[in-house]
Every structure is written in C-alpha cells, then in structure tokens.
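For reference, the structure discussed in these notes is given below.
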Amino acid sequence: RFHGEGYQEGYAEGSHIGIAEGRRYGSLHGAKIGSEIGCCLGFALTWRCLLQKCTDEKSSKKIRALESLIGMIQKFPYEDPTYDKLQEDLEKIRGKFKQVCSMLNIQSDFRTGTERSSLTF
C-alpha cells in the first residue's frame with residue numbers, strides 16, 4: 001500500500017515539475033526563435049525600402065529575394081506551438097536569409113545567448 005501511495009505522490013509531483021520545466025524551456029526557446037525571426041523581418045523590410053528606388057536588374061533580383069523572405073516570415077505559424085513543420089520552415093527562413101545576405105554582400109552573424117546577443121553586419 002505504501003509503495004503504491006508513494007508512487008502516486010511521486011508521479012503527481014514529477015508531472016507538476018515537468019510541466020513547469022517544460023513551460024520555462026518553451027518560453028526561453030520561443031523567445032529566441034521570435035527574436036531571430038523578428039531580426040530577419042526587420043532586416044528584410046529595411047533593405048526592401050532601401051532598394052526600392054534602384055531600377056537595375058541586380059536590385060530587382062535582390063528585391064524579389066527580400067519579398068520571398070518577407071513572405072516566408074509572414075506565413076510562419078507563430079501562434080501554433082504544435083506545428084509539425086516548425087523546424088523545417090525555420091531552416092528554410094534561415095537559408096533564405098543567408099541567401100539574401102550573400103546577394104547583398106553582407107556577412108550576418110546572429111547569436112543568442114548571455115555573452116553576446118546581437119545581429120551584426
């Protein structure tokens with residue numbers, strides 16, 4: 001009987017602690033992803049505004065790539081944490097961001113962490 005009661009109490013407490021830990025973990029990593037995507041979107045919108053006055057072919061290719069990146073970010077499902085292709089879509093956004101940086105001849109370095117949290121150009 002004591003073994004059974006101990007098991008039930010341990011299971012209930014472990015479940016409670018697991019939920020709290022999962023919530024903290026999800027909040028932390030959700031904030032990192034949100035920060036990264038927000039920086040990418042701000043970057044893309046700024047460069048699109050800067051390049052809109054240019055009419056040459058190279059600039060139009062850059063603008064199309066920026067529009068594609070903006071579209072990918074706008075379609076990203078922020079509200080659905082159970083979205084099964086979240087990592088896949090996030091990798092596509094990161095790849096498009098790297099492509100755009102390459103086209104613009106800009107080295108990007110996005111880091112999240114305590115020692116350095118910035119997007120540098």
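The values are calculated or read from the model by the stated rules, or taken from the named source; none is laboratory data. The model shown is predicted, which means the values in this text are computed figures rather than measured ones. Backbone-built Cβ (ideal geometry, glycine too); neighbour counts: all protein chains shown. What goes into the accessible areas is simple: the full protein's heavy atoms, side chains included, and nothing from ligands, DNA or RNA. Shrake-Rupley method; radii C 1.70, N 1.55, O 1.52, S 1.80 Å.
Please determine, by comparing only the residues of region 32-56 that are in a helix (DSSP H, G or I), of a type in the set (V, I, T) and open to solvent by 30 Å² or more (accessible area, probe 1.4 Å), which one is farthest from Q99 (Cα to Cα).
I33
In region 82-114, which residues are closer than 30 Å to R23 by Cβ, surrounded by fewer than 12 Cβ atoms within 10 Å (Cβ to Cβ) and not charged (D, E, K, R)?
The answer is T82, Q87, G113, T114.
Within region 57-81, restricting attention to residues that are farther than 14 Å from G42 by Cα and among the charged types (D, E, K, R), which residue is surrounded by the most Cβ atoms within 10 Å (Cβ to Cβ)?
Among those residues, the one meeting the criterion is K62.
Just to be sure, is F43 over 13 Å from the mean Cα position of the chain (by Cα) and closer than 30 Å to N105 by Cα?
Considered against the rule, which asks whether it is over 13 Å from the mean Cα position of the chain (by Cα) and closer than 30 Å to N105 by Cα, F43 comes out as yes.
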